[in-house]
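Below: one structure, written as structure tokens.
The values are calculated or read from the model by the stated rules, or taken from the named source; none is laboratory data. Because the structure is a prediction, the values reported are computed rather than measured. Please note: Cβ atoms are built from the backbone with ideal geometry, for glycine as well, and neighbour counts cover all protein chains shown.
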């Protein structure tokens, strides 16, 4: 299992030139009249785990395919591992786990990794990658007997063939149970420790929040936010469990929020949320509620989850797009 | 923090790839192929060998039925064609038809499955293997399947005394060539389709009609005169005539022209397939 592996079990990472792992400037891609990417600026530092988030159809897979040399950009510049994607020097340095893949069900896990090793023309035995992804006991079983999670781990082992410096993982944990996701998270941390750059495209925001150093959010082909997890989360916000709250009381609280510079409050299932409230402003919110005879059961400052931040960012971006002429 | 504050503000300018800012000219088609395509061929061969019984025997049923139905069934009512009995006449046609069907199915449904459903090509292209090498690996494997099944059929024909195995290497080499041609044509079609149902047009509209038009089952002299130039324009006609020429010892100077025509058209199909597959794989 991966926990037993030491960094020395893997080949030492070969540093490329002292440049970012990935740089995109003004990257654009159009399919006919459909604009999949619009002026994407992005930089991923070497040795980091980078999370890439976005709603379905936002352009995530298009960007990943450009970075792996599977799609040509319509405009802009892109560098991966110091070179142009699709060229042999770059392809030698990357690994890729596609979002949807299947293996011939009559081949074993060891055979799959072996075949890919020959395709990558890598030297050495890479069957230890099966240990890394926790498939050593199932290495000689046919992949037709593998669960979805095991197949996903096998795909991850395949992506790591050739000792890549940058690995692109498209939804690597989507078919995994919680324990499997935990294992993959440990693997990603392990890869980062040995200097590998991981570009993680995932819908599972909890995983991204826990493992990624930096992340970016894309919507309608444009990067709408990027930074560290802490930078992206709106905090603190106030969460109050309330009883019946009249529309009049909610309007007055909204007015106070506007004057105080907080984000608009929301009320759902007896939980009132007021984002942007600082600790010293909590009494002001409680006072408004009490004055308007709203029963207050519990109140506390909460840190926004990545899911909330993601929804907030995407909705705000989509709202601003609708406002554009 | 607003989205604007998160937006990456200052990406460093990128240097040009080559001095003077000129990008290197990328090679395309056959010029972009190295020996790495052999690794793709080897991958397909390995997958085939693992299930060799399933992969080898069912495709042989159809040509054997052709041999039985046409050679022994129809042949019972046919006296002689071109100076030989019908089974001897039709055997070369069935060998070539077996070859093209194997190559066609391998590089239509087989390649499409690997490309669209298994994402195998995406995983391969993310290694130093180029799209052209993936395509040539697929084509050469399709041609190999043609040779395997044609060879198995030829063994039976030899047992029945319809084939002198002295000619087997030449016939198999020819089947490889015609296999490359139809594998390339099929991969060209595969690069264009968005779902497997479209292969029905190719199979029913091209592959099956050309079998009727190219002298596989009856002499070309039996088709209308105005169609004969069309029939000779189809390279398959040359392939069948050459195979029959080898098996019946009827090769002549025209055979060299047929072989040259087959080779030139094959090269054209391969080049077109490689370029079209690059466009499909690198969108």
- Query: Has the stretch B:80-90 got any residue that is touching a residue at least 24 places away in the same chain (Cβ under 8 Å), crowded, with 24+ Cβ neighbours inside 10 Å and away from every other protein chain (no Cβ under 14 Å)?
  - Reply: yes
- Those helices (runs of 4 or more DSSP H) lying entirely in the stretch B:187-283 with at least 2 residues more than 22 Å from residue B:92 (Cβ to Cβ): B:199-202, B:253-281
- Item | Which listed residue is in a loop (DSSP other than H, G, I, E, B), buried (at least 24 other Cβ atoms within 10 Å of the Cβ) and over 11 Å from the mean Cα position of the chain (by Cα), from A:162, A:195, A:155 | A:162
- Query: How many residues are within 17 Å of residue A:170 (Cβ to Cβ) and at the interface with chain B (Cβ under 8 Å from one of its Cβ atoms) when one looks only at the stretch A:64-85?
  - Reply: 5
- So, of the residues in the stretch A:86-127 that are under 19 Å from residue A:169 (Cβ atoms) and away from chain B (no Cβ under 12 Å), which turns out to be surrounded by the most Cβ atoms within 10 Å (Cβ to Cβ)? A:109
- Query: Could you say which residue among A:281, A:291 is touching a helix residue (DSSP H, G or I) at 6+ places or on another chain (Cβ under 9 Å) and modelled with pLDDT of 90 or more?
  - Reply: A:291
- Residue count, the stretch A:245-269 (criterion: closer than 28 Å to residue A:232 by Cβ, in a loop (DSSP other than H, G, I, E, B) and modelled with pLDDT of 90 or more): 1
- Residues located in the stretch A:273-307, provided they are more than 19 Å from residue A:242 (Cβ to Cβ) and part of a helix (DSSP H, G or I): A:279, A:280, A:306, A:307
- Task: Mind telling me which of the residues A:167, A:133 ends up being under 21 Å from residue A:21 (Cβ atoms), modelled with pLDDT of 85 or more and either more than 8 Å from chain B (Cβ to nearest Cβ) or in contact with a strand residue (DSSP E or B) (Cβ under 9 Å, 6 or more places away or on another chain) (or both)?
- Result: A:167
- Item | Selection status of residue A:20, part of a loop (DSSP other than H, G, I, E, B), within 12 Å of another protein chain (Cβ to nearest Cβ), buried (at least 21 other Cβ atoms within 10 Å of the Cβ) and touching a residue at least 12 places away in the same chain (Cβ under 8 Å) | no
- Message: Checking the conditions here, which among B:88, B:54 is in contact with a strand residue (DSSP E or B) (Cβ under 9 Å, 6 or more places away or on another chain) and farther than 20 Å from residue B:200 by Cβ?
- Response: B:88
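Residue-by-condition table, conditions (1) touching a strand residue (DSSP E or B) at 6+ places or on another chain (Cβ under 6 Å); (2) more than 22 Å from residue B:153 (Cβ to Cβ); (3) surrounded by 17 or more Cβ atoms within 10 Å (Cβ to Cβ):
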position	(1), (2), (3)
B:225	no, yes, no
B:240	no, no, yes
B:254	no, yes, no
B:275	no, yes, yes
- Message: I need the full set of residues from the stretch A:31-45 which are out of contact with any helix residue (DSSP H, G or I) (no Cβ under 6 Å at 6 or more places or on another chain), more than 25 Å from residue A:211 (Cβ to Cβ) and within 11 Å of another protein chain (Cβ to nearest Cβ), in order please.
- Response: A:31, A:39
- Given the conditions (1) surrounded by 15 or more Cβ atoms within 10 Å (Cβ to Cβ); (2) under 21 Å from residue B:163 (Cα atoms), and given that residue B:42 satisfies all but one, which numbered condition is not satisfied? (2)
- Message: Name the residue that is farthest from the other protein chains (Cβ to nearest Cβ), counting only residues in the stretch B:115-129 that are free of Cβ contacts under 8 Å to residues at least 24 places away in the same chain and touching a helix residue (DSSP H, G or I) at 6+ places or on another chain (Cβ under 6 Å).
- Response: B:120
- Of the residues B:38, B:97, B:78, which is under 30 Å from residue B:221 (Cβ atoms), touching a helix residue (DSSP H, G or I) at 6+ places or on another chain (Cβ under 9 Å) and modelled with pLDDT of 90 or more? B:97
- Evaluate the stretch B:130-138: report whether one residue or more is without any contact (Cβ under 8 Å) to a residue 60 or more places away in the chain, more than 9 Å from every other protein chain (Cβ to nearest Cβ), under 16 Å from the mean Cα position of the chain (by Cα) and buried (at least 24 other Cβ atoms within 10 Å of the Cβ). no
- Message: So if I check each of A:189, A:208, which one is under 26 Å from residue A:81 (Cβ atoms), in contact with a helix residue (DSSP H, G or I) (Cβ under 7 Å, 6 or more places away or on another chain) and modelled with pLDDT of 85 or more?
- Response: A:189
